[in-house]
Every structure is written in C-alpha cells, then in structure tokens.
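The values are calculated or read from the model by the stated rules, or taken from the named source; none is laboratory data. What you see is a predicted model, and the numbers here were worked out from it, not measured in a lab. So basically every Cβ, Gly included, is an ideal-geometry build from the backbone, and we count neighbours across all protein chains shown. Ligands, DNA and RNA are excluded from the accessible area calculation, which covers all protein heavy atoms including side chains. Shrake-Rupley method; radii C 1.70, N 1.55, O 1.52, S 1.80 Å.
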Amino acid sequence: MNRVESVYELTMQMKQLLNREITSKTRESIIEQLTTLITQRGISMEALNPPYTEAEKQLGKVLVQVNDEIQLKMQSLFTDLKKEMKQVKMQKKSNQSYTNPYKNVQTIDGMFMDSKK
C-alpha cells in the first residue's frame, strides 16, 4: 500500500458517510464521525512527502476531485444546520411572544400636561 492510499481510503469513508441520508436525528453522530475522519486524514496527509510515484500522482488527482465533492456536501450540511438553528430560534421567539405578549411593548404612561395657565 503506497502512502497516498491511506488518505484515499479515509477520504472515501468520508464520502460514503456524507452520501447517507442525513436527518436531524443522525446529524450529530455523522458530524462526530466526520470530525474523527478529518483528524485522521490530516495526520496521514502530514506524513506525505515528495517525491511521489506516478501511481500516487494519479491517486492524488482522484483525491482532489473527491475532496471537492466532499466540500460541497459538507457545505450543504452546514447550510442545513444553520437553517434549522434559525428556525428553532424563530420558533422560540414566537413561543415567548405567546406566553408574554406585552414583554416588548414600550409605552410612556399616564401623564397629561395642560398647556393653559
């Protein structure tokens, strides 16, 4: 097994993980697994030093393409997470306005000034 194959295998594991159906219930475990794989891949990538063989160069080209796909899927996952967090925040704000509808009402109360002397 050449040096780039370990990085390739970890990258393919990441791709398979991101190809799964991601729901709000499975998202946390998938993110944890992705974090672990990213850490392992980073360690493996630090161990790579030139010169590279032709086979390693070809595998590297494939890795770049797969990595671009992974980045798009991770960005999509992040965007979905942000949307869900925003919805939860809006729902929380909406629920608070139902429980205490007069919380944010600002009034200047009870003063009448007669301008006649």
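Which entries of K25/K86; K25/K83; K61/K82 have Cα-Cα distances beyond 21 Å here?
The pairs that break the limit, which is 21 Å between Cα atoms, are K61/K82.
Given Cβ point charges of +1 (Lys, Arg) and -1 (Asp, Glu) and nothing else, what value in debye, to the nearest 20, does the dipole of the stretch 1-69 about its Cα centre take?
Dipole about the Cα centre, nearest 20: 100 debye.
For the chain, take the longest principal axis of its alpha carbons; what is the angle in degrees between that and the long axis of helix 27-46, to the nearest 10 within 0 to 90?
40
Can you compute 3J(HN,Hα) from phi for each residue in the stretch 67-74, using the Karplus curve 6.51 cos²θ - 1.76 cosθ + 1.60 with θ = phi - 60°, rounded to whole Hz and x for Gly and Pro?
Values per residue, Gly and Pro as x: 5, 4, 4, 5, 4, 5, 5, 5 Hz.
Provide the per-residue ³J(HN,Hα) series for the stretch 4-13, in order, calculated from phi with Karplus coefficients 6.51, -1.76, 1.60 and θ = phi - 60°, each as a whole number of Hz, with x at glycine and proline positions.
7, 4, 5, 5, 4, 4, 5, 5, 5, 4
Would you mind working out the magnitude of the charge dipole of the chain relative to its Cα centre, with +1 at each Lys and Arg C-beta and -1 at each Asp and Glu C-beta, to the nearest 20 Debye?
That gives a dipole near 840 debye.
With all protein chains present, calculate the accessible area of V62 using a 1.4 Å probe and round the result to the nearest 10 Å².
It works out to around 60 Å².
Cross-link candidates for K57: which lysines have Cα within less than 27 Å, leaving aside residues fewer than 8 places away along the same chain?
K15, K73
Mind checking Rg over Rh on the chain, alpha carbons, Kirkwood formula for Rh?
1.44
Contact order normalised by length for the chain, with contacts defined as Cα pairs under 8 Å and 6 or more residues apart; what percent is it?
Computed over the chain, the figure is 35 percent.
Quick one: how many Å² of R3 are accessible to a 1.4 Å probe, rounded to 10?
90
Please compute the per residue accessible area over the chain with all protein chains in place, 1.4 Å probe, rounded to a whole number of Å².
Counting only protein heavy atoms, the per-residue value for the chain is 85 Å².
Choose one of S24, Q65, T11: the residue whose Cα lies farthest towards the positive end of the charge dipole of the chain (beta-carbon charges +1 Lys, Arg; -1 Asp, Glu; about the Cα centre).
Farthest towards the positive pole: S24.
How much of the accessible area of the chain, probe 1.4 Å, is carbon plus sulfur, in whole percent?
55
Within the stretch 74-89, what residues put their amide N at less than 17 Å from the label point 7 Å along the Cα-to-Cβ vector of T35?
Label zone hits: 74-75, 77-79, 81-82.
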